[in-house]
Amino acid sequence: MRISLIVPIGGAAPAWPRCALSLERLDPPPAELILVLDGRDLNVSVPGATVLRLDQQGGPARARNAGAKVATGDVLLFIDSDIEVPPDTIARIAAYL
């Protein structure tokens, strides 16, 4: 099962550094990680992630939809850029499904 993890990022994203660190620690990692910048020129990255930049801010739903359009996984997992995920998140979701 391929899990695509999509993270919409908007605003100033003050909690982003903690979220990014938690994404780097995912074990196993998702099949793909897609970061969607919602009309902001932020310098965000996570090793191995695809970064989409939307020209205009449209809110988190629009950013999620943009990420979903390019995702190739069997399962789409959306998290917000202001949370930290446990390292075993992908394994737990795969086991549940």
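The values are calculated or read from the model by the stated rules, or taken from the named source; none is laboratory data. Worth saying up front: this structure is predicted, and the values here are computed from it rather than measured. FYI the Cβ positions are ideal-geometry reconstructions off the backbone, even for glycines, and counts take in every protein chain you see. Remember, those area values only see protein heavy atoms, side chains included, never the ligands or the DNA or RNA. Shrake-Rupley method; radii C 1.70, N 1.55, O 1.52, S 1.80 Å.
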- [ ] Exactly one condition in (1) farther than 22 Å from Arg92 by Cα; (2) over 12 Å from the mean Cα position of the chain (by Cα) is not met by Val51; state its number.
- [x] (2)
Task: Failed item, numbered, when Leu76 is tested on (1) assigned to a strand (DSSP E or B); (2) open to solvent by less than 30 Å² (accessible area, probe 1.4 Å); (3) at pLDDT 95 or above; (4) of a type outside the set (Lys, Arg) - done: (2)
Open item on the list: Of the conditions (1) farther than 20 Å from Leu21 by Cα; (2) of a type outside the set (Lys, Arg); (3) open to solvent by less than 90 Å² (accessible area, probe 1.4 Å), Gln57 satisfies every one except a single condition; which number is it?
Closed with: (3)
Task: Matching residues, region 2-43, being over 16 Å from Phe78 (Cβ atoms) and touching a strand residue (DSSP E or B) at 6+ places or on another chain (Cβ under 6 Å) - done: Gly39
Open item on the list: Filter region 1-18 down to the residues that are closer than 25 Å to Leu97 by Cα and surrounded by fewer than 21 Cβ atoms within 10 Å (Cβ to Cβ) and list them by number.
Closed with: Met1, Arg2
Task: Any chance Ala95 is open to solvent by less than 90 Å² (accessible area, probe 1.4 Å), more than 12 Å from the chain's Cα centre (by Cα) and under 13 Å from Val7 (Cα atoms) - done: no
